[in-house]
Amino acid sequence: MKIGYFGGTFDPPHLGHIILAAEAFYQLELDSLQWILTPFPPHKNNLPITPVEGRLEMLKLVVDKHPGFEISLVDLNRDPPHYAADTVGIIRAENPNSKLVYLIGEDSLIDLPEWYAPNRFLANVDQLAVALRPQVNTDLTKLESSLPGLREKIYYLSDTMLQISSSFIRERVRNNGPVSHLLDPEVYQYLDENKLYRKT
């Protein structure tokens, strides 16, 4: 089995997430693409985040439409902090014979040496599927010096350059701007009906 894992806060999940996941599923011929919802991301301790129940509901609206997509409960079923190194360690222990592919953006790739236990994280993944970002120049030689073996695990995904971020969507909603074209229609309906991200 070749299984992809896509971790994030998904607040909200948007078309950029969907395109990245779908292209990884196709280009890498994955058997399954597991979306890992992070309930309490350590790097966002002081930021307002939509309650996990709402984010999970929005994620289900996306995942249910795409064969091969599933929601992983690996972080939902354990206490924080939810570091990626610990998450993939659990996944590896539960799937010792599967090929583990982890999806990240190129901006996250550059920050990888600053992650919690990055070498342990890298040791537990077989491949890093990296979505290219415009105006991001990755110095692989520098990264390799911090994380030996990184280069050989990288696969650069093509056709994933749609630049949308959850923070951009939240800010636009707060300013009464249009976002329906950036989201799955049911996700848009959910956040609109539940008045998510609006100014209080």
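See the values below:
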quantity: Lys/Arg +1, Asp/Glu -1 at C-beta; segment 1-115 dipole; positive extreme among Gly8, Pro80, Ser98; calculated: Ser98
quantity: For segment 10-92: rounded, prolate or oblate by the Cα gyration tensor [a/c cutoff 1.5]; calculated: oblate
quantity: Within segment 1-68, GluC sites (Glu not before Pro) in DSSP loop having at most 16 other beta-carbon neighbours inside 10 Å; calculated: Glu29
quantity: Matching label, Rg and Dmax of the Cα atoms in Å computed from the structure shown, candidates (1) 18.1, 55; (2) 16.6, 49; (3) 15.7, 44; calculated: (2)
quantity: Förster-model FRET efficiency, 25 Å R0, Ser145 and Tyr26, C-beta, rounded to 0.05; calculated: 0.15
quantity: Approximate spin-label separation Glu186-Asn97, in nm, with each point projected 7 Å along Cα-to-Cβ; calculated: 3.4 nm
quantity: For segment 60-169: rounded, prolate or oblate by the Cα gyration tensor [a/c cutoff 1.5]; calculated: oblate
quantity: Whichever aspartates and glutamates have a C-alpha closer than 13 Å to that of Lys199, once near sequence neighbours (fewer than 8 apart) are set aside; calculated: Glu171
quantity: Listed residues Lys142, Lys153 arranged by accessible area, highest first, probe 1.4 Å; calculated: Lys142, Lys153
quantity: Given charges at beta-carbon only (K, R positive; D, E negative), |dipole| of the chain in Debye; calculated: 400 debye
quantity: Positive-end residue, segment 149-200 charge dipole about Cα centroid, Cβ charges, pick of Asn175, Pro185, Tyr156; calculated: Asn175
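The values are calculated or read from the model by the stated rules, or taken from the named source; none is laboratory data. Treat the numbers as computed from the prediction; the structure is a model and nothing was measured. FYI the Cβ positions are ideal-geometry reconstructions off the backbone, even for glycines, and counts take in every protein chain you see. Side chains included, ligands, DNA and RNA excluded: accessible areas come from the protein's heavy atoms. Shrake-Rupley method; radii C 1.70, N 1.55, O 1.52, S 1.80 Å.
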